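For reference, the structure discussed in these notes is given below.
The values are calculated or read from the model by the stated rules, or taken from the named source; none is laboratory data. Note that the structure is predicted; figures quoted are calculated from it, not measured. Cβ: placed from backbone, ideal geometry, glycine included. Neighbour counts: every protein chain shown.
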Amino acid sequence: MAPVRARLAGAVLILSPLTGPAGCASRRPLTAPAGIAAASLADTSFRWIERTAPGFRVHIQTGSYAAAHQDSLVARLPSAAAHARELIGAPQLAGPIDLFFIESRTEMNRLIGTRRATGFAEPSSRTVLVMTNAGWRAFERHEVMHVVAGQAWGPAAPGTDWLVEGLAQAADGFCAGHPNEEVAWALARRHGWIPLRDVLTRFRAQPDLRAYLQAAAFTAFLLHEAGPDALRDLWRHGATAATPVAGRTLAEQEARWRTGVSSDWTPAPGQLDRIEVVGCGEA
């Protein structure tokens with residue numbers, strides 16, 4: 001999704017206590033919210049509860065499900081960022097992530113212009129918007145990974161949607177309470193695998209659920225087999241089936257991955273049908 005830009009009346013620095021590695025509060029200059037974060041905070045149709053966590057400024061829609069569960073939601077955020085950084089060997093971010101918890105697709109539409117998304121990330125401004133409610137879990141690990149990778153590796157090359165989304169969903173790890181790989185395997189048994197050429201060149205034209213989970217499982221395999229530096233090179237330069245990755249072409253690595261994928265999970269009657277209709281986030 002194209003970034004949403006907000007006009008700011010100049011750069012502003014604020015001082016805020018941050019917890020250092022020894023648990024002591026220190027005062028450092030923090031950049032003010034920017035981009036979609038600044039635009040969201042300026043939208044007077046929303047009221048926000050403001051919270052902080054190490055590495056995060058958290059904005060929670062008042063009167064929402066997230067407001068009623070804010071302590072547990074906020075407590076999960078530092079581990080989400082640490083997990084993303086560990087997966088790709090990324091350094092500490094230069095400033096906090098502005099993360100917004102909102103209630104519904106209607107609110108998402110008001111903030112970013114689409115009702116289709118249940119999460120949004122703008123890496124350049126370190127902004128994340130996450131929808132959560134009684135029927136939908138928050139995908140904070142997915143969206144935080146977008147920010148961590150974008151900040152560490154820079155803008156992704158054209159044609160890398162499969163890697164951008166695959167890495168983010170690999171960081172989340174689960175679909176409807178089951179590991180990504182299990183659901184991807186079950187979907188492949190039903191529909192077949194999406195051909196690699198289509199994953200690489202027509203990712204957004206594929207069925208969302210199958211494409212995201214297949215890319216997530218393959219990206220997790222590449223992380224394990226080739227390491228984050230190899231993925232960083234694919235991220236920055238793009239890839240074809242013939243691109244070398246850890247001594248093999250990407251096509252050869254994908255064939256090795258598919259040969260080794262298996263799962264003992266047998267979905268209950270109608271379970272996979274519901275996942276295909278509703279998606280991975282049903283609470």
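Summary table
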| read-out | value |
| --- | --- |
| Search result, residues across the stretch 230-256 that are in contact (Cβ under 8 Å) with a residue 24 or more places away in the chain and within 21 Å of ALA84 (Cβ to Cβ) | LEU231, ARG232, LEU234, TRP235, ARG236 |
| Of all residues making up the stretch 212-227, the number that are more than 16 Å from ILE194 (Cα to Cα), touching a residue at least 12 places away in the same chain (Cβ under 8 Å) and either among the β-branched types (Val, Ile, Thr) or part of a helix (DSSP H, G or I) (or both) | 6 |
| Those residues of the stretch 266-283 which are surrounded by 14 or more Cβ atoms within 10 Å (Cβ to Cβ) and part of a loop (DSSP other than H, G, I, E, B), in sequence order | PRO267, GLY279, CYS280, GLY281 |
| Residue list for the stretch 40-52, filter: out of contact with any strand residue (DSSP E or B) (no Cβ under 9 Å at 6 or more places or on another chain) and either surrounded by 15 or more Cβ atoms within 10 Å (Cβ to Cβ) or among the hydrophobic types (A, V, I, L, M, F, W, C) (or both) | ALA42 |
| Subset of the stretch 254-265 (residues that are modelled with pLDDT of 95 or more, buried (at least 16 other Cβ atoms within 10 Å of the Cβ) and among the hydrophobic types (A, V, I, L, M, F, W, C)) | TRP257 |
| Residue among GLY89, GLY63, GLY95 that is in contact (Cβ under 8 Å) with a residue 60 or more places away in the chain, surrounded by fewer than 20 Cβ atoms within 10 Å (Cβ to Cβ) and at positive phi | GLY89 |
| The stretch 228-248: number of residues that are assigned to a strand (DSSP E or B) and either on the phi > 0 side of the Ramachandran plot or not hydrophobic (A, V, I, L, M, F, W, C) (or both) | 2 |
| Within the stretch 119-139, considering residues that are farther than 19 Å from GLY35 by Cα and surrounded by 22 or more Cβ atoms within 10 Å (Cβ to Cβ), the one farthest from the chain's Cα centre (by Cα) | THR132 |
| Residue check, GLY113 modelled with pLDDT under 95, out of contact with any helix residue (DSSP H, G or I) (no Cβ under 7 Å at 6 or more places or on another chain) and more than 24 Å from ALA176 (Cβ to Cβ) | yes |
| Which listed residue is in contact with a Phe, Trp or Tyr (Cβ under 7 Å, 6 or more places away or on another chain) and either part of a helix (DSSP H, G or I) or surrounded by fewer than 22 Cβ atoms within 10 Å (Cβ to Cβ) (or both), from LEU209, LEU167, LEU163, LEU187 | LEU163 |
| Given (1) touching a Ser or Thr at 6+ places or on another chain (Cβ under 9 Å); (2) part of a loop (DSSP other than H, G, I, E, B); (3) surrounded by 15 or more Cβ atoms within 10 Å (Cβ to Cβ), index of the condition ALA251 fails | (2) |
| Residue match in the stretch 108-120 (condition: more than 14 Å from ASP172 (Cα to Cα), of a type in the set (Lys, Arg) and touching a residue at least 60 places away in the same chain (Cβ under 8 Å)) | yes |
